[in-house]
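Since the structure comes first, as structure tokens, the remarks are kept for the end.
The values are calculated or read from the model by the stated rules, or taken from the named source; none is laboratory data. Note that the structure is a prediction, hence the values are computed from the model and not measured. Here the Cβ positions follow ideal geometry from the backbone for every residue, glycine too, while neighbour counts run over all protein chains shown.
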Amino acid sequence: MKFPCPRCRRFYRVKTQGVAWEEGRPLNDGTWTSYKLFMGDLLECEGCGSQMILPARGPFAEHYQPDYEALKTAHAPIVRVDDCGGTWDPDRALQLQQANAEQGLQRISDSLDALRAAADAAGFDITRPGHD
Ligand SMILES: [Zn+2]
């Protein structure tokens, strides 16, 4: 699978295979702590230097496991992501798709209005059929 960088019109390339990374979880006091450990591949756009981690399927350790800290030390995660959400939401995607479609229809309608106004200004009646 290829991942395009829209900024550079280039593909991300694998920089490091098999990196560990950690997902954090928020505590009630607003700080964050360990939650899950994952593996993944670190990708980088050679154009702009933007990086992303392509996650492996599931976590290989979770915070409640007694060996979590040992696994964390052994795998040395390159980053902890302290962020809730961000999962792909099909309802949100559908809402965006509908909003885009409505904007597209509005643009077409605006273009027709502009065309009618231009035709009126030039003395043409575009509402009348051409062949009668
Ligand atoms: Zn880029």
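Restricting the stretch 1-32 to residues that are in contact with a Leu (Cβ under 6 Å, 6 or more places away or on another chain) and of a type in the set (Ser, Thr, Tyr), which is farthest from Pro66 (Cα to Cα)?
Tyr12
With the checklist (1) surrounded by 14 or more Cβ atoms within 10 Å (Cβ to Cβ); (2) touching a His at 6+ places or on another chain (Cβ under 9 Å); (3) not aliphatic (A, V, I, L, M) in hand, flag the one item Glu23 doesn't pass.
Glu23 satisfies every listed condition except (2).
Suppose the filter is closer than 24 Å to Pro4 by Cβ, surrounded by 13 or more Cβ atoms within 10 Å (Cβ to Cβ) and among the charged types (D, E, K, R); does Asp83 pass it?
no
From the list Leu54, Leu71, which one is without any contact (Cβ under 8 Å) to a residue 60 or more places away in the chain, aliphatic (A, V, I, L, M) and not in a strand (DSSP E or B)? Give the steps one after another, and end with the answer.
Working: Leu54 fails: not in a strand (DSSP E or B).
Unique residue meeting the criteria: Leu71.
Gly18: out of contact with any helix residue (DSSP H, G or I) (no Cβ under 7 Å at 6 or more places or on another chain), outside any strand (DSSP E or B) and modelled with pLDDT of 95 or more, yes or no?
No: the conditions fail for Gly18.
Please enumerate the residues belonging to the stretch 74-88 that are more than 15 Å from the chain's Cα centre (by Cα) and in contact (Cβ under 8 Å) with a residue 24 or more places away in the chain.
Of everything in the stretch 74-88, those that are more than 15 Å from the chain's Cα centre (by Cα) and in contact (Cβ under 8 Å) with a residue 24 or more places away in the chain turn out to be His75, Ala76, Pro77, Ile78, Val79, Arg80, Val81, Asp82.
Suppose we filter Cys5, Cys45 for residues that are within 16 Å of the chain's Cα centre (by Cα), under 24 Å from Gly85 (Cα atoms) and within 16 Å of the ligand (Cβ to nearest atom); which single one remains?
Residue meeting the stated conditions: Cys5.
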